[in-house]
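J.: One structure coming up, written as structure tokens, with questions to follow.
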Amino acid sequence: MSAAWEVIIGLEIHAQLATASKIFSGASTAYGSEPNTQACLIDLGYPGVLPVLNREAVRMACKFGLAVNATVARRSVFARKNYFYPDLPKGYQISQYELPIVEHGELFITDGGEANGEPRRIGITRAHLEEDAGKSIHSIHEGLDRFSGIDLNRAGTPLLEIVSEPDLRSAREAVAYMRKIHSIVRYLGISDGNMQEGSFRCDANVSVRPRGQRELGTRTELKNLNSFRFVEKAINFEIERQIDVLEDGGDIVQETRLYDSDRNQTRPMRSKEEANDYRYFPDPDLLPVVIDDAYVEAVRATLPELPDAKRERFVAEYRLRNEDAGILTMSLALADYFEAATAAAAAKPGLVANWVIGELSAALNRDGIDIEASRVPPAGLAALVDRIADSTISGKIAKEVFDAMWAGEGSADQIIEAKGLRQITDAAELEGVVDAVIAQNPSQAAEYRAGKDKLIGYFVGQVMKATGGKANPAQVNALLKNKLTGGELSDGGGS
């Protein structure tokens with residue numbers, strides 16, 4: 001992107017709340033049922049039926065507001081947002097407009113690519129409760145035959161729409177902010193955050209302006225982005241598209257656009273509506289939501305340790321690098337796994353963290369499973385890390401042991417014994433191998449003694465090859481340096 005342009009981004013994130021029933025009816029919110037089996041007369045807007053607010057949705061919204069240092073309104077109002085979609089059976093959506101339940105919050109992102117690495121404050125304009133619409137399904141069968149259907153199971157599902165200030169300045173920052181919100185709602189237990197099932201998605205408002213200009217450019221809205229990767233790719237494409245239009249002398253049209261992931265491009269969906277197009281008015285069937293200070297404080301008492309606080313504790317308590325602590329605490333389940341493994345291990349927490357972030361996470365990603373379903377439990381990983389720490393095996397051999405554990409071949413100790421993977425730490429045995437390697441490579445030995453220090457790596461590799469990777473690397477290094485420099489060997493003590 002040209003340095004002549006500045007990007008302005010704001011996100012509207014929709015988090016489906018983890019209530020058992022819908023926001024205004026008793027119908028189930030369970031995912032995966034047959035189409036139109038979980039939509040009752042209230043969801044469908046039949047005459048004579050009345051919505052009843054789900055109090056659990058109010059508690060969850062309040063919980064989120066407190067977690068992001070926002071103002072929780074003691075009085076909020078539901079409104080009707082009028083528009084027509086085939087999957088909106090009532091012809092309006094019950095939402096909150098002028099008086100939302102949460103306003104003026106904030107959070108800080110630290111991995112958005114800032115030049116100085118300092119946390120960036122991102123304002124949260126509001127978070128309001130609303131009901132979801134249904135789902136239109138379009139498919140093609142047997143060539144050109146088209147099939148369209150409406151599934152109203154999702155109609156009436158409670159959503160918390162979280163609207164940021166236009167404080168984001170790049171696609172990378174937008175993803176960092178979205179990940180932070182995703183982490184918070186999962187920590188709070190108010191949403192499962194499942195993006196594949198539509199429980200967590202966002203609309204991105206994107207505009208560009210000449211750098212230094214105060215007036216905002218015309219924005220477009222990218223609708224229904226449901227993965228972090230697509231958010232970044234869609235925003236980056238839209239930024240370049242808008243700059244190309246403006247640099248060619250054209251104008252940006254305010255509109256809603258869809259992202260086509262197959263072609264990696266955005267395309268127009270419809271002209272962008274403004275608030276007055278929706279003809280908002282207070283819903284006559286729902287009273288204002290009134291809560292008091294005692295209610296808010298009772299909710300505050302249920303707040304868990306949140307990601308930022310947990311990260312700070314991990315740095316202080318476990319002496320982890322800030323970056324590693326940030327990775328471990330992005331997911332509550334991952335943080336819990338790390339703490340359980342650390343509690344079971346004699347090894348230092350830093351070594352446990354390396355394995356959770358490295359080998360374990362790689363295996364989870366490769367097999368597409370969540371940490372809760374890990375094939376190596378925390379105590380099992382702790383036992384493996386302890387065998388590295390006490391020099392029973394090397395870090396390289398530990399990877400072989402981990403793979404066997406992941407495949408269900410037994411515990412770390414069982415696999416080490418069954419496969420004969422214990423490190424060679426006997427000084428006399430190692431000295432014999434080192435002597436043989438040096439004798440077999442006289443020219444390299446001469447070069448090393450002439451000052452080519454990097455050849456030590458070659459000799460270590462030859463010793464490891466000769467011992468099947470079982471030699472203790474620290475002892476091998478010490479022995480080689482002594483032998484190659486003509487020094488006297490010690491008794492070879494282990495590491």
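The values are calculated or read from the model by the stated rules, or taken from the named source; none is laboratory data. Computed from a predicted structure; not experimentally measured. Positions of Cβ are generated from backbone atoms using ideal geometry, with glycine treated the same way; all protein chains shown enter the neighbour counts.
J.: Of everything in the range 447-495, what is part of a loop (DSSP other than H, G, I, E, B), modelled with pLDDT of 85 or more and within 24 Å of S391 (Cα to Cα)? Give them in sequence order.
T.: Selection gives nothing.
J.: For the range 7-26, how many residues are buried (at least 19 other Cβ atoms within 10 Å of the Cβ), of a type in the set (G, A, S) and either closer than 19 Å to T37 by Cα or touching a helix residue (DSSP H, G or I) at 6+ places or on another chain (Cβ under 8 Å) (or both)?
T.: Of the residues in that region, 4 qualify.
J.: Which members of the range 224-258 meet the condition of being of a type in the set (S, T, N, Q) and part of a loop (DSSP other than H, G, I, E, B)? Steps first, answer last, please.
T.: Taking the range 224-258 and keeping what is of a type in the set (S, T, N, Q), we get 224, 226-227, 236, 242, 254, 256.
Residues satisfying the conditions are N226, S227, Q254.
J.: Moving on to the next point. For the range 196-246, what are the residues that are of a type in the set (V, I, T) and touching a residue at least 60 places away in the same chain (Cβ under 8 Å)?
T.: Our first condition is that a residue be of a type in the set (V, I, T); within the range 196-246, this holds for 206, 208, 218, 220, 231, 235, 239, 243, 245.
The answer is V206, V208, V231, I235, I239, I243.
J.: Determine whether the range 323-343 contains at least one residue that is without any contact (Cβ under 8 Å) to a residue 24 or more places away in the chain, in a loop (DSSP other than H, G, I, E, B) and farther than 30 Å from R80 by Cα.
T.: no
J.: Then there's this: Does V315 meet the test of being more than 17 Å from G189 (Cβ to Cβ), assigned to a helix (DSSP H, G or I) and aliphatic (A, V, I, L, M)? Give the steps one after another, and end with the answer.
T.: Values: more than 17 Å from G189 (Cβ to Cβ): yes; assigned to a helix (DSSP H, G or I): yes; aliphatic (A, V, I, L, M): yes.
So V315 passes the test.
J.: Oh, and also: Residue check: is N205 touching an Asp or Glu at 6+ places or on another chain (Cβ under 7 Å) and among the polar types (S, T, N, Q)? Walk me through how you get there before you give the answer.
T.: Details: touching an Asp or Glu at 6+ places or on another chain (Cβ under 7 Å): yes; among the polar types (S, T, N, Q): yes.
For N205, the condition - touching an Asp or Glu at 6+ places or on another chain (Cβ under 7 Å) and among the polar types (S, T, N, Q) - is met.
J.: Could you say whether any residue in the range 357-371 is in contact with a Lys or Arg (Cβ under 8 Å, 6 or more places away or on another chain), within 30 Å of A316 (Cα to Cα) and outside any loop (DSSP other than H, G, I, E, B)?
T.: Checked the range 357-371: at least one residue is in contact with a Lys or Arg (Cβ under 8 Å, 6 or more places away or on another chain), within 30 Å of A316 (Cα to Cα) and outside any loop (DSSP other than H, G, I, E, B).
J.: Answer yes if at least one residue in the range 39-62 is in a strand (DSSP E or B) and either free of Cβ contacts under 8 Å to residues at least 60 places away in the same chain or over 30 Å from the mean Cα position of the chain (by Cα) (or both), and no otherwise.
T.: Within the range 39-62 (the criterion being in a strand (DSSP E or B) and either free of Cβ contacts under 8 Å to residues at least 60 places away in the same chain or over 30 Å from the mean Cα position of the chain (by Cα) (or both)), the answer is no, since none of the residues qualifies.
J.: I've got another one for you. What do you reckon, is L17 more than 19 Å from A294 (Cβ to Cβ), at pLDDT 95 or above and not polar (S, T, N, Q)? Lay out the reasoning, then the answer.
T.: Details: more than 19 Å from A294 (Cβ to Cβ): yes; at pLDDT 95 or above: yes; not polar (S, T, N, Q): yes.
Judged against the criteria, L17 is a match.
J.: Within the range 420-431, can you find the residues that are loosely packed, with under 14 Cβ neighbours inside 10 Å and farther than 16 Å from A474 by Cα?
T.: Once the filter is applied, which keeps residues that are loosely packed, with under 14 Cβ neighbours inside 10 Å and farther than 16 Å from A474 by Cα, the range 420-431 yields only G420.
J.: Continuing with the same structure: Collect the residues in the range 172-220 that are part of a loop (DSSP other than H, G, I, E, B) and at pLDDT 95 or above, keeping them in residue-number order.
T.: G189, I190, S191 - these are the residues of the range 172-220 that are part of a loop (DSSP other than H, G, I, E, B) and at pLDDT 95 or above.
J.: List the residue pairs whose Cβ atoms are under 6 Å apart, where the first residue sits in the range 159-187 and is without any contact (Cβ under 8 Å) to a residue 60 or more places away in the chain and not assigned by TED's automatic domain parsing to the domain that holds G105, the second is of a type outside the set (G, A, S) and assigned to a strand (DSSP E or B), and the two are 6 or more positions apart or on different chains.
T.: none
J.: Out of all the residues in the range 63-78, which are within 21 Å of the chain's Cα centre (by Cα) and among the β-branched types (V, I, T)?
T.: Correct list: V68 only.
J.: If you check every pair at least six apart or on different chains, which have Cβ atoms under 9 Å apart with a residue in the range 441-461 that is closer than 23 Å to Q475 by Cβ first and a residue that is acidic (D, E) and in a helix (DSSP H, G or I) second?
T.: L455/E447
Here's the yes/no breakdown for (1) over 19 Å from the mean Cα position of the chain (by Cα); (2) charged (D, E, K, R); (3) surrounded by 13 or more Cβ atoms within 10 Å (Cβ to Cβ):
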| position | (1), (2), (3) |
| --- | --- |
| K348 | yes, yes, yes |
| N354 | no, no, yes |
| L364 | no, no, yes |
| E372 | no, yes, no |
| A383 | yes, no, yes |
| D386 | yes, yes, yes |
| I397 | yes, no, yes |
| V401 | yes, no, yes |
| M405 | yes, no, yes |
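J.: Related question: For the range 283-302, how many residues are assigned to a loop (DSSP other than H, G, I, E, B), exposed (fewer than 14 other Cβ atoms within 10 Å of the Cβ) and not charged (D, E, K, R)?
T.: The number of residues fulfilling the criteria is 5.
J.: Going by what's in this entry, would F402 be described as assigned by TED's automatic domain parsing to the domain that holds Y337 and part of a helix (DSSP H, G or I)? Reasoning before the result, please.
T.: Details: assigned by TED's automatic domain parsing to the domain that holds Y337: yes; part of a helix (DSSP H, G or I): yes.
It is true that F402 is assigned by TED's automatic domain parsing to the domain that holds Y337 and part of a helix (DSSP H, G or I).
J.: Could you check Y337 against (1) crowded, with 20+ Cβ neighbours inside 10 Å; (2) over 21 Å from R186 (Cβ atoms); (3) of a type in the set (S, T, Y) and say which number it fails?
T.: (2)
J.: Among (1) touching a Lys or Arg at 6+ places or on another chain (Cβ under 7 Å); (2) under 18 Å from G380 (Cα atoms); (3) touching a residue at least 40 places away in the same chain (Cβ under 8 Å); (4) not small (G, A, S), there is one condition K399 misses while meeting the rest; what is its number?
T.: (1)
J.: Condition first: within 14 Å of A341 (Cβ to Cβ) and in a helix (DSSP H, G or I). Now tell me which residues in the range 373-384 satisfy that.
T.: Listed by number, the residues that qualify are P378, A379, G380, L381, A382, A383, L384.
J.: Just a yes or no: is a residue in the range 270-282 in contact with a helix residue (DSSP H, G or I) (Cβ under 8 Å, 6 or more places away or on another chain), assigned to a helix (DSSP H, G or I) and not acidic (D, E)?
T.: Applying the first criterion (in contact with a helix residue (DSSP H, G or I) (Cβ under 8 Å, 6 or more places away or on another chain)) to the range 270-282 yields none.
No, every residue in the range 270-282 fails to be in contact with a helix residue (DSSP H, G or I) (Cβ under 8 Å, 6 or more places away or on another chain), assigned to a helix (DSSP H, G or I) and not acidic (D, E).
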